[in-house]
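*Asks:* Next up is a structure, given as structure tokens.
The values are calculated or read from the model by the stated rules, or taken from the named source; none is laboratory data. Everything quoted here is computed from the prediction, not taken from an experiment. All Cβ positions, glycine included, derive from the backbone under ideal geometry; neighbour counts span all protein chains shown.
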Amino acid sequence: MLNKEVMSLLGLCARARKLSSGSLLLNDIRSHKVKFVIIANDASDNTKKKLTDKCRYYCVDYMIIGDADSISQAIGKNNRVALGIMEKGFADKIKSKLGG
């Protein structure tokens, strides 16, 4: 479960338009725009494998934590199972809050 600090940071990141999600996430990982990826625990196995393989190949840090509902609620959009943070400052702060 994501704590309140991480959820508010994700909300700030979304308002600053420094988040990538949905179909654009894989393209943003490939083009080295994403600095950190958050994947929901309840994402499908295929989605988890696809994202983790892509993150490993392109040397992007990732963490599998929380559930899709809390991730979606944090950014104010529905049905999001993965988020890519594109700003290094936001990524570092969120990683430190998650213990990574």
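*Asks:* What helices (runs of 4 or more DSSP H) lie completely within the range 1-58 and have 2 or more residues being more than 20 Å from Q73 (Cβ to Cβ) and touching a strand residue (DSSP E or B) at 6+ places or on another chain (Cβ under 9 Å)?
*Replies:* So the answer is 24-30, 45-57.
*Asks:* Being surrounded by 15 or more Cβ atoms within 10 Å (Cβ to Cβ), of a type in the set (A, V, I, L, M, F, W, C) and touching a Cys at 6+ places or on another chain (Cβ under 6 Å) narrows it down to one residue among V81, V37; which is it? Break it down stepwise before answering.
*Replies:* Details: V81 fails: touching a Cys at 6+ places or on another chain (Cβ under 6 Å).
Of the residues listed, the single one that is surrounded by 15 or more Cβ atoms within 10 Å (Cβ to Cβ), of a type in the set (A, V, I, L, M, F, W, C) and touching a Cys at 6+ places or on another chain (Cβ under 6 Å) is V37.
*Asks:* Is one or more of the residues making up the range 65-82 touching a helix residue (DSSP H, G or I) at 6+ places or on another chain (Cβ under 6 Å), modelled with pLDDT of 95 or more and part of a helix (DSSP H, G or I)?
*Replies:* Looking for residues that are touching a helix residue (DSSP H, G or I) at 6+ places or on another chain (Cβ under 6 Å), modelled with pLDDT of 95 or more and part of a helix (DSSP H, G or I), one finds none in the range 65-82, hence no.
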